[in-house]
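Enquirer: Starting off with a structure, shown below.
Please treat every number below as a calculation from the coordinates, not as lab data. The structure displayed is predicted, hence computed values, not measured ones. Here the Cβ positions follow ideal geometry from the backbone for every residue, glycine too, while neighbour counts run over all protein chains shown.
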């Protein structure tokens with residue numbers, strides 16, 4: 001059954017948009033040939049992430065760029081390299097860590113501006129195409145290896161890179177694993193399965209494995225869930241890449257709100273920020289805009 005939006009609708013505003021001078025007008029990249037039918041894409045932003053000083057970072061996938069947006073809304077390119085950065089997270093040791101489709105898991109100190117490898121391969125093999133990542137409280141890194149997987153090829157993977165260097169493959173049968181987030185106790189991992197148009201729930205067991213993986217929520221549309229975040233009440237926020245909204249589900253998977261885009265329909269990611277962590281920051285990749293909305297409870 002398709003998920004039906006609840007009656008509560010939350011409005012958004014444009015927080016900031018990429019300045020025209022930074023857009024790559026008329027440029028056809030390898031990424032746009034594979035994902036946008038060869039059309040020139042001036043930018044495709046994703047991966048919103050805050051540092052402890054309140055700076056917002058986003059990626060520009062097709063042009064291999066990472067931007068810092070200051071609290072004064074000044075945009076600055078802090079890195080440009082031969083890659084396709086997709087997800088970002090802040091790590092206490094490695095600073096910014098990057099899920100890069102071409103190069104694996106990378107790291108970047110914003111003060112230095114040099115992108116370095118953190119995990120480029122597994123058992124001497126390249127990844128299919130790393131998509132997104134998060135950091136647990138103990139420093140473990142969870143990331144998705146999406147590639148071009150889907151219902152036709154459900155071989156996408158979800159990995160955990162432990163703080164001691166061990167790499168665990170939690171699942172290997174995902175149809176397009178994308179965004180992911182841990183619950184408050186870090187005993188459950190939620191993973192957006194874009195081409196399955198769903199969110200999976202992965203219980204994490206004491207021995208490091210997972211069991212009884214299930215479909216937590218089902219959606220509809222031509223794309224599917226992308227980025228995820230969660231609040232202190234356990235509500236899950238699901239950015240949908242074709243429905244122009246972030247859908248909010250309670251801890252039981254029931255829809256409680258729909259946060260509607262005031263810009264385009266390609267809503268790719270969402271994170272909490274602001275002084276009380278009650279502001280949602282949402283990327284609309286189709287317009288190169290970061291949207292914002294207020295929520296009742298803080299982000300986790």
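Enquirer: Using a 10 angstrom cutoff on alpha carbons, build the Gaussian network for the chain and name the most mobile of 185, 102, 277.
Expert: Most flexible of the set in this elastic network: 185.
Enquirer: While we're here: Most mobile of 53, 132, 233 per a Gaussian network model of the chain (Cα springs, under 10 Å)?
Expert: So, out of 53, 132, 233, the one fluctuating most is 53.
Enquirer: So, one more: Just report the Cα centroid separation between the range 227-295 and the range 53-70, whole Å.
Expert: So the separation of the two Cα centres works out to 18 Å.
Enquirer: Please compute the volume of the convex hull spanned by the alpha-carbon atoms of the range 143-184 and report it per residue in Å³.
Expert: Looking at the range 143-184, the number lands at 70 Å³ per residue.
Enquirer: Under a crude label model (7 Å from the Cα following the beta-carbon direction), how far is residue 205 from residue 28 in nanometres?
Expert: About 5.0 nm, to one decimal.
Enquirer: Given a 10 angstrom Cα cut-off, can you work out which residue in 33, 215, 157 is the most mobile in a GNM of the chain?
Expert: Comparing 33, 215, 157 in the GNM, the peak value goes to 33.
Enquirer: Another question about this same structure. Taking only the alpha-carbon positions of the range 118-158 and ignoring solvent, what does the Debye formula give for the base-10 log of I(q)/I(0) at q = 0.14, 0.15, 0.29 Å⁻¹?
Expert: -0.36, -0.41, -1.04
Enquirer: For the range 20-82, what does the alpha-carbon gyration tensor say about shape, rounded, prolate or oblate, given a ≥ b ≥ c as the root eigenvalues, a/c under 1.5 as rounded, and a/b over b/c as prolate?
Expert: It comes out prolate by the Cα gyration axes.
Enquirer: Per-residue ellipticity at 222 nm for the chain, helices alone: DSSP H runs ≥ 4 residues times -39500 (n - 2.57), over residue total, nearest 500 deg cm²/dmol?
Expert: -500 deg cm²/dmol
Enquirer: If one computes P(r) from the Cα atoms of the range 174-300, what percent of pairs lie at distances over 25 Å?
Expert: 19 percent
Enquirer: Tell me whether the range 1-152 comes out rounded, prolate or oblate; compute the Cα gyration tensor, take square roots of the eigenvalues as a ≥ b ≥ c, and use a/c under 1.5 as the rounded threshold.
Expert: rounded
Enquirer: When you take every Cα atom in the range 224-263, what is the radius of gyration, and what is Dmax, the widest Cα pair distance, in Å?
Expert: Over the range 224-263's Cα set, Rg and Dmax evaluate to 9.8, 30 Å.
Enquirer: Once label points are set 7 Å from the Cα along Cα→Cβ at both residue 76 and residue 138, what is their separation, rounded to one decimal in nm?
Expert: Modelled inter-label distance: 3.6 nm.
Enquirer: Continuing with this model, one more query. Relative contact order of the range 1-150, please, whole-number percent, based on alpha carbon pairs below 8 angstrom and at least 6 residues apart.
Expert: 13 percent
Enquirer: Here is a follow-up. In whole percent, what relative contact order does the chain give with Cα contacts below 8 Å and a gap of six or more residues?
Expert: 16 percent
Enquirer: One-quarter of the Cα convex hull surface for the chain, in nm²?
Expert: Value for the chain: 14.6 nm².
Enquirer: Okay, moving on. So, in nm, how far is label residue 218 from label residue 20 when the simple model puts each one 7 Å beyond its Cα toward the Cβ?
Expert: According to this spin-label approximation, the distance is 4.7 nm.
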